[in-house]
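Beneath this line is the structure, given in structure tokens, with notes to follow.
The values are calculated or read from the model by the stated rules, or taken from the named source; none is laboratory data. The model shown is predicted, which means the values in this text are computed figures rather than measured ones. Ideal geometry is used to build each Cβ from the backbone, glycine not excepted, and the neighbour counts take in all protein chains shown.
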Amino acid sequence: MDAELQALAAAHGVSTWYEDTDRRRVEVAPDVVAAVLAELGVDAGTPASVRASLSDALKRHGRIAVPDPLVVRAGETPPLGVEGELTLEDGTLRAVSDRLPADLPLGYHTLLSGEQRTAVVVTPPALPPVPPAWGWMVQLYALHSSGSWGIGDLADLRALVQGSAEQGASVMLVNPVQAITPVRPLQRSPYSPSSRRFANPLYLRVTETDAFGSAPPEVRANVAALAPPPGAELIDYDAVWAAKLAALELLFPYAGPVPDPEPELAEFAAFCALAEQHGADWRTWPEHLRHPRGVDTGGQRVAFHAWVQQLCRTQLAEVHRAGQAAGVSIVHDLPVGVDPAGADAWALQDVLASDVTVGAPPDAFSQQGQDWNLPPWRPDRLAAAGYAPFRDVIGSVLAHADGIRVDHVMGLWRLWWIPPGRPPAEGTYVRYDADALLGVLALEAHRASAIVVGEDLGTVSDEVREAMRDRAVLGSAVLWFQRDVEAPGEPLLAPSRWPRAAMASISTHDLPTAAGFLRGENVRVREELGLLADPEAERKRSAADRDELLAELAEHDLLPAEAGEEDLVVALHALLATSASTLLLTSPQDALGEVRQPNLPGTVDEYPNWRIPLPVTVEELLEHPVVRRVVAALRAARPVT
């Protein structure tokens, strides 16, 4: 590759090569690098334009006296090289010269020096240590009870929090509950929300709103009559939303005085109203509506959608308060990105690379690479905004939580950008200022007294794990993936050797459940759907993995004679309980012996992703005999103190 193109790419954080899962260097084609640079507003189409763009980048770098934003840890005193006035977040003014003062409070401040205005973010050096605990990781939609309408809701979650606390649980990780675009057909994946700043009204318990209590008896009866019939084999998102939307519309006249929404909520509510009128994808709307500037945020329909979000906030807060009262920390999940057709892609388009999607390069599991269809932050514009959009997302997730799990935490360091019109393999990594993003994340977590968990499964660089340890961010440990990579053949790693600073579990929503793994269900389903190039080889590999796991159980004296499947499920949890990791989590699917995993990567409609309800109600779950045995194993390892 041309040296000037390499230098230009480096100046903008665009990789010209990467290391694959076998640690081999893979060169990125020059035209791919040029295409990614174009999405950053950098012209690299010809040798002359590369030279001119590189000259501009070098000049711009030379003009910067102080990095903007300047993200530091409390107590650090980096040289400024300028004199100026610092306005603290509380409005206090401080004169500064030469160096940043060591005694600045945590927060978001502003340095003014001549004509240059610089955002200064002072972050905590590290988060407090997390006490050992056990708990649940819950797919909220899969819960159901006598009071829910065809999908798990926030009242179900509150009941599970309270019930699990009585059994000694003190952590509850919940799948993403961020907003949908309220137009059918709905996006079912919780990891592709319309907005990461607002909530999903599908999870409302309509009959526990103040408006329901205020409505006349005949209206309450009409609302109750809208409830979908219970017992459906699969969750019908569109039918559930049709019922809840109709109910909310009946109740809106009885809402009473509704607070005026803040500008961001009014904008989101306007998006919802426009989507109902013009369709779910803002990119197909009339030209003058494709940017939030100037969009009307008045009117009854906007007020209705703002009210619905306020109901969501109320019920999320009720779950949070119930958790605090019961001693259960609520941890919410943050997806990597948002639906490119959705509200955040519309409202935040000035700081997103809207034409790009992120994914993953080719590897042994996906030889063509992966396209997650999520637009990434533009690192340059995110920095120019002082990381405020990122801060807003984190703050929204933590508003009613005691912790946050960051999906694909590597995305704070780099993301695989796929230029428009290209297959996933024709992308490259774009780097972000991870120190700044981690700092903002730590500051928001500090303010919320929250823990942070990073999903760092798979191939993750030492740089990432060292930075996570340095900030006291927990990692993830999953039984299926924990192997001794230094030993011949990479055998299973004994749980006692798993990382201490981690949230440990048997599986995840994207992986086989405990019973599914034991039965080989993950192989059977993928073969049936034509997802395996060599089914026989996969069956042999899966059988070998199962035998190795049974041997590990025997090594720990956890394999009962003539053990049935339920006994093996309990034994796997007893093995998990020997983990050195700080947090031990299980899922209802694992504890109940459910064979179907919640999501099968590589499928959309071929498999009922995100649609499988639990086989028991919330009321029955914690009393289930196998669940009680699982709870006993975990509780013995992490007793309530």
(message) Testing A325 on (1) under 30 Å from Y429 (Cβ atoms); (2) surrounded by fewer than 18 Cβ atoms within 10 Å (Cβ to Cβ); (3) of a type in the set (A, V, I, L, M), one condition comes back false. Which one is that?
(response) (1)
(request) Name every residue in the range 109-139 that is aliphatic (A, V, I, L, M), surrounded by fewer than 18 Cβ atoms within 10 Å (Cβ to Cβ) and not in a strand (DSSP E or B), in order of residue number. (result) A126
(message) Considering only residues that are closer than 27 Å to L202 by Cα, buried (at least 20 other Cβ atoms within 10 Å of the Cβ) and not hydrophobic (A, V, I, L, M, F, W, C), which ones fall in the range 612-641?
(response) P613
(request) Identify, from the list L559, L575, L583, the residue that is more than 16 Å from P512 (Cα to Cα), within 24 Å of the chain's Cα centre (by Cα) and hydrophobic (A, V, I, L, M, F, W, C). (result) L583
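Check G530, G593 and return the single one that is more than 29 Å from I451 (Cβ to Cβ) and either in contact (Cβ under 8 Å) with a residue 60 or more places away in the chain or surrounded by 15 or more Cβ atoms within 10 Å (Cβ to Cβ) (or both).
None of the other options fit; the residue is G593.
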(request) Output yes when any residue across the range 214-235 is closer than 30 Å to L398 by Cα, touching a residue at least 24 places away in the same chain (Cβ under 8 Å) and either loosely packed, with under 14 Cβ neighbours inside 10 Å or touching a Ser or Thr at 6+ places or on another chain (Cβ under 6 Å) (or both), and no when none is. (result) no
(request) Give the range 437-466 a look and list any residue that's surrounded by 18 or more Cβ atoms within 10 Å (Cβ to Cβ), assigned to a helix (DSSP H, G or I) and of a type in the set (D, E, K, R), or say none. (result) E444
(request) Give R469, R500, R405, R422 a once-over and let me know the one that is basic (K, R), in contact (Cβ under 8 Å) with a residue 24 or more places away in the chain and in a helix (DSSP H, G or I). (result) R469
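From the list A280, A341, A322, which residue is part of a loop (DSSP other than H, G, I, E, B), of a type in the set (A, V, I, L, M), out of contact with any Pro (no Cβ under 9 Å at 6 or more places or on another chain) and at pLDDT 95 or above? It would help to see each step written out before you state the result.
Values: A280 fails: out of contact with any Pro (no Cβ under 9 Å at 6 or more places or on another chain); A322 fails: part of a loop (DSSP other than H, G, I, E, B).
Only one candidate passes the filter, namely A341.
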(message) Against the condition in contact (Cβ under 8 Å) with a residue 40 or more places away in the chain, within 23 Å of R405 (Cβ to Cβ) and in a loop (DSSP other than H, G, I, E, B), how does V336 come out, does it pass?
(response) yes
(message) Against the definition (surrounded by fewer than 23 Cβ atoms within 10 Å (Cβ to Cβ), basic (K, R) and over 16 Å from the mean Cα position of the chain (by Cα)), how does R391 come out, yes or no?
(response) no
